[in-house]
Amino acid sequence: MPFCSPRMILGLLLSLGLAATVAAVARAGIGCCAHCGGSEGCQKVCRLVCEDKKIAVTQWGCQCEDFCVPGPSQPGCQHEDFVADECCDPKAPCSEPKRFVWTEWVPGCGAKVYKKKKLMKRTVTKTVPGFKWVVEDLCPQCEANSPTIAPPSGTRIPPRPAGTSKSAIAPDPIRTTTPHESF
């Protein structure tokens, strides 16, 4: 049996080719521009993105409902009947007739109407604008052409993620700091 058979060499070449293809595909996503796909001068940039958030708001309230409370009822006539076994099946168990007695109650006069309040829950979904920082690989051309977001005045902007120096956000004209100011 030879040490290097043609079948073994073919398997080795296919494995090397597959490994090279996987490495090229994995490398293709690194350092590419997220917008145009170019790879010249790409760098990671923090960008402020406005997204709509859905927030569920729970509201509680009362709903009134009318109900009747009758006056005192009184016993009326007493009735009697017999419950007999009317089964014709010979395999079913047989029983003796049983005496059944009940009293008929007569409703009283003077029923009154009352109100009760029921606690009701309602959930409303509101859509509000939200801001978040995203990290993108951008080339210099796409970074210059990327839209800047100017949030409404008075909006609290989340802090820039640590370790990044560039961002695609318009400066806040209301608040400007100088190097000697402290917080």
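The values are calculated or read from the model by the stated rules, or taken from the named source; none is laboratory data. Quick caveat: nothing in here was measured; it's all calculated off a predicted structure. When we count neighbours, we look across all protein chains shown, and the Cβ atoms used for this are built from the backbone with ideal geometry, even at glycine. Calculation scope for accessible area: heavy atoms of the full protein, side chains included, ligands and nucleic acids excluded. Shrake-Rupley method; radii C 1.70, N 1.55, O 1.52, S 1.80 Å.
For region 125-132, check the following and say yes or no: at least one residue is among the hydroxyl-bearing types (Ser, Thr, Tyr) and closer than 30 Å to Gln59 by Cβ.
Yes; the residues of region 125-132 include at least one that is among the hydroxyl-bearing types (Ser, Thr, Tyr) and closer than 30 Å to Gln59 by Cβ.
Six or more apart or on different chains, Cβ under 8 Å: which pairs go from a residue in region 20-43 that's over 13 Å from Gln141 (Cβ atoms) to one that's at pLDDT below 80 and open to solvent by less than 90 Å² (accessible area, probe 1.4 Å)? Could you list them?
Qualifying pairs under 8 Å: Gly31/Ser39; Cys32/Gly38; Cys32/Ser39.
Open to solvent by 100 Å² or more (accessible area, probe 1.4 Å) and basic (Lys, Arg): is that true of Lys112 in this structure? Before the answer, list the steps.
Values: open to solvent by 100 Å² or more (accessible area, probe 1.4 Å): yes; basic (Lys, Arg): yes.
It is true that Lys112 is open to solvent by 100 Å² or more (accessible area, probe 1.4 Å) and basic (Lys, Arg).
Restricting region 92-108 to residues that are within 60 Å of the chain's Cα centre (by Cα) and either free of Cβ contacts under 8 Å to residues at least 24 places away in the same chain or open to solvent by less than 80 Å² (accessible area, probe 1.4 Å) (or both), which is nearest to Lys118 (Cα to Cα)?
Gly108
Within region 31-50, can you find the residues that are more than 30 Å from Thr127 (Cβ to Cβ) and open to solvent by 90 Å² or more (accessible area, probe 1.4 Å)?
Within region 31-50, Glu40, Lys44 qualify.
Scanning region 51-82 for residues that are in a strand (DSSP E or B) and either acidic (Asp, Glu) or surrounded by 11 or more Cβ atoms within 10 Å (Cβ to Cβ) (or both), which turns out modelled with the lowest pLDDT?
Glu51
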